[in-house]
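Peer 1: Quick one: structure below, then a few questions.
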Amino acid sequence: MIPTPGALELVRSVQTGERSAVDVVADALARIAAGDGTLRAFVEIGAERALADAAAIDARRAAGQPLGPLAGLPIALKDNLLRQGAIAGAGSRMLADFVAPYSATAVARAQSADAVVFGRTNMDEFGMGSSTERSCHGPTRNPWDRTRVPGGSSGGAAAAVAAGFAPLALGSDTGGSIRQPAAFCGVTGLKPTYGRVSRYGLIAYASSLDCVGGIARSAADLALLLDAIAGVDAADPTTLQATAGECRLALGVRTDLKGLTFGVPWELNGPGLDADVLAAIRQTHSRLADLGARLVDVALPHVPHAVPTYYLIATAEASTNLARYDGIRFGLRRDGSGSLESMLTHSRSHGFGDEVQLRILLGTFALRAGWQDQFYGQATRVRTLLRQDFTTAFARCDAILCPTSPVTAFPLGARIDDPLAMYLCDALTVPASLAGLPALSLPCGVGDGDLPVGLQIIGPALREDLLLQVGHVWQQHTDWHRRRPPA
Ligand code: GLN
């Protein structure tokens, strides 16, 4: 098969009528049918509905109507985003039969831009994991090496884009769930500023951290997606009122990185990194300098506390968000021995996997009366200090650089029995999440075994345009994002 074209090229070909949307979608479905048997990026494909949606777009074009900016683009959907009439299962037995009564704002906006949003990509249950091994559907495999994990929790989405099944995927990122799998699978991933994209219709994990974003082959394709889905939404009061510029238009502004200063905090560029990741990042730094950027040292002194802070806040919020799955209003129901308590116990013990149960317990512990201030309260204070670290650093630089992950894709099973080792995978992604800042992961090299390494660029709030510009310049001068995994 010829390689999948990028999103921009596909949209142009559908808008001009060179290709039909049905043809583009059928091509994606054929790739999935040929390749997803072993990868298992999707838990459901929904071919019929995707083709019908594509045919409706073709009919509108045939009737002389202009098509939107995502015309005919197949966009793979993470299993925790609602699409009306389709199951949204969040990788959990709890929601195995949950049919979405409405669509998430990001989904509805992509559809009104004429994208074909389809399928359900695999994920760690409720977004809790870094490897996609914590899904009730079993793991997804990494297209670069099928004995390894694709990262998580949006591992299905990243594997689908890397394998050429879809040019774009919608995902969510609470503490790294878009960026880390993008890095592990050698694709490009964007976590927008908290509040830039509506969370309406995203199955909640930790509401003060959850962000909807995308995975693509290139920064240019992500700009196309973000412009379509971002913006204030009355259904999500945390969406930001501020108007930020169109990212697509900003891409052409630069051909190099002259005039830009990047901060390199040692806290994120040394401790705990595997040697191969460190070597790839050092080469990336010198390449960025060749492109005209100035690199300066900055300090983020509270970053060493980011992982415990994140895991206190995320589990505390998850314990309250997941309380709604009681088998009465929402979720799977297992009858017990007649009492309400035994029904609840049976439903929740059977519906939730081990990691989710562990986190509900941790979160409940962190919030319990009399101790809340010592755990949750303390974490929120450290979160404020971390935000201040970033504000101080941005007085000296335009964006901050570090690897996306301290390691490359690890073997399936390697960390599953060691929660701490799994949580430490997030050490470099949770700081931007806690501070609510936008961050982009770009393929920037390879480590041992030719496995992809990702560069993370963290920007000031609402500066996705700058991150995508930098990414676009990088991708015009490098070929890492053009490498394809073996078929
Ligand atoms: N791995 C992190 C966690 O388990 C982040 C996951 C996410 O961003 N959803 O919480």
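Peer 1: Would you mind telling me the share, in percent, of accessible area of region 152-248 contributed by carbon and sulfur at probe 1.4 angstrom?
Peer 2: Carbon and sulfur atoms account for 54 percent of the accessible area of region 152-248.
Peer 1: To the nearest 10 square angstrom, what accessible area does S208 show with a 1.4 Å probe?
Peer 2: Rounded to the nearest 10, that gives 30 Å².
Peer 1: How much length, in nm to one decimal, is gained on full extension between S342 and L420, taken as 0.36 nm per residue of separation minus their Cα-Cα distance?
Peer 2: So the extension gain works out to 24.9 nm.
Peer 1: For region 90-249, report the % of Cα-Cα distances exceeding 27 Å.
Peer 2: Everything past 27 Å amounts to 17 percent.
Peer 1: Kindly rank 410-419, 186-195, 304-313 from highest to lowest mean number of other beta carbons found within 10 Å of each residue.
Peer 2: Order by mean packing, descending: 186-195, 304-313, 410-419.
Peer 1: If amide hydrogens are placed 1.01 Å from N in the peptide plane, which non-local residues have theirs closer than 5 Å to the one on L260?
Peer 2: HN-HN under 5 Å from L260: R294.
Peer 1: Next question. How would S433, S207 rank on accessible area, largest to smallest, probe 1.4 Å?
Peer 2: Sorted by accessible area, descending: S207, S433.
Peer 1: Also: Could you order T429, T391, T364 so the one with the most accessible surface comes first? Probe is 1.4 Å.
Peer 2: Ranking T429, T391, T364 by accessible area, largest first, yields T391, T364, T429.
Peer 1: For C402, C136, give the ranking by accessible area with the largest first, probe 1.4 Å.
Peer 2: C136, C402
Peer 1: If you don't mind, another one. Within region 294-308, what residues put their amide N at less than 17 Å from the label point 7 Å along the Cα-to-Cβ vector of K258?
Peer 2: Residues 294-295 fall inside that zone.
Peer 1: Which translational diffusion coefficient, to the nearest whole µm²/s, is obtained for the chain from the Stokes-Einstein equation, given a Kirkwood hydrodynamic radius over C-alpha pairs, 20 °C and 1.002 mPa s?
Peer 2: After rounding, the answer is 96 µm²/s.
Peer 1: Shifting gears a bit: Grab the beta carbon distance between D448 and Q476, set R0 = 25 Å, and tell me the FRET efficiency rounded to 0.05.
Peer 2: The calculated FRET efficiency here is 0.35.
Peer 1: Right, another one. Starting at the first residue of region 274-287, write each ³J(HN,Hα) from the Karplus equation 6.51 cos²θ - 1.76 cosθ + 1.60 with θ = phi - 60°, in whole Hz, x for Gly and Pro.
Peer 2: 5, 4, 5, 5, 4, 5, 5, 5, 4, 5, 4, 4, 6, 5
Peer 1: While we're on this one: Using 7 Å Cα-to-Cβ label points, what is the I328/R60 separation (nm, one decimal)?
Peer 2: According to this spin-label approximation, the distance is 4.3 nm.
Peer 1: Something else now. In vacuum, with every alpha carbon of region 382-481 counted as one equal point scatterer, what does the Debye formula give for log10 I(q)/I(0) at q = 0.13, 0.14 Å⁻¹? Two decimals, please.
Peer 2: -0.54, -0.62
Peer 1: When you count, for each residue, the other Cβ atoms within 10 Å and take the mean per peptide, how do 469-481, 321-333, 110-122 rank with the highest first?
Peer 2: 110-122, 469-481, 321-333
Peer 1: Related question: Quantify, in whole percent, the carbon and sulfur part of the accessible surface of region 1-142 (1.4 Å probe; protein heavy atoms only).
Peer 2: Accessible surface attributable to carbon and sulfur in region 1-142 totals 54 percent.
Peer 1: Computing the accessible area with a 1.4 Å probe over protein heavy atoms, can you report the carbon and sulfur percentage for region 290-360?
Peer 2: Within region 290-360, the accessible surface is 53 percent carbon and sulfur.
Peer 1: Find the accessible area per residue for region 214-328; the probe is 1.4 Å, ligands and nucleic acids are left out, and the unit is Å².
Peer 2: That works out to 42 Å² per residue.
Peer 1: Could you work out the relative contact order of the chain, using alpha carbon pairs under 8 angstrom and six or more residues apart, expressed as a whole percent?
Peer 2: 17 percent
Peer 1: To the nearest 500 deg cm²/dmol, what mean residue ellipticity at 222 nm is calculated for the chain from DSSP H runs of n ≥ 4 alone, each contributing -39,500 (n - 2.57), summed and divided by the residues?
Peer 2: Value at 222 nm, helices only: -11500 deg cm²/dmol.
Peer 1: Sticking with this structure for a sec: With every protein chain kept in place and ligands, DNA and RNA left out, what is the accessible area per residue of region 111-191? Probe 1.4 Å, answer in Å².
Peer 2: That works out to 14 Å² for each residue.
Peer 1: Given 0.36 nm per residue, what is the gain on full extension from T320 to A30 after removing their alpha carbon distance, in nm?
Peer 2: 100.2 nm
Peer 1: Would you tally the net charge around M343, using a Cβ to Cβ cut-off of less than 15 Å, leaving M343 out, and scoring K and R as +1, D and E as -1?
Peer 2: +1
Peer 1: Further question: Considering only the other residues whose Cβ falls under 9 Å of the Cβ of Y310, what net charge follows from Lys and Arg at +1 and Asp and Glu at -1?
Peer 2: Once all neighbours under 9 Å are counted, the net charge is 0.
Peer 1: Compute the Kirkwood hydrodynamic radius of region 281-398, taking the inverse of the mean of 1/r over all pairs of distinct Cα atoms, and give it in Å to one decimal.
Peer 2: 17.7 Å
Peer 1: Within a Cβ distance under 14 Å of D79, other residues only, what is the Lys/Arg minus Asp/Glu net charge?
Peer 2: +2
Peer 1: Then there's this: Show me, for region 440-454, the HN-Hα J-couplings you get by feeding each phi into the Karplus relation (A = 6.51, B = -1.76, C = 1.60, θ = phi - 60°), rounded to Hz, glycine and proline as x.
Peer 2: 3J(HN,Hα) across region 440-454, in whole Hz: 10, 10, 10, x, 9, x, 9, x, 4, x, 6, 7, x, 10, x.
Peer 1: Further, regarding this structure: If packing is taken as the average number of other Cβ atoms within 10 Å across a peptide's residues, how do 290-302, 63-75 rank, most packed first?
Peer 2: Ranking the peptides 290-302, 63-75 by packing returns 63-75, 290-302.
The values are calculated or read from the model by the stated rules, or taken from the named source; none is laboratory data. What you see is a predicted model, and the numbers here were worked out from it, not measured in a lab. Note: ideal-geometry Cβ built from the backbone for every residue, glycine included; neighbour counts use all protein chains shown. Ligands, DNA and RNA are stripped out before the accessible areas are found, and what is left, the full protein with its side chains, is counted by its heavy atoms. Shrake-Rupley method; radii C 1.70, N 1.55, O 1.52, S 1.80 Å.
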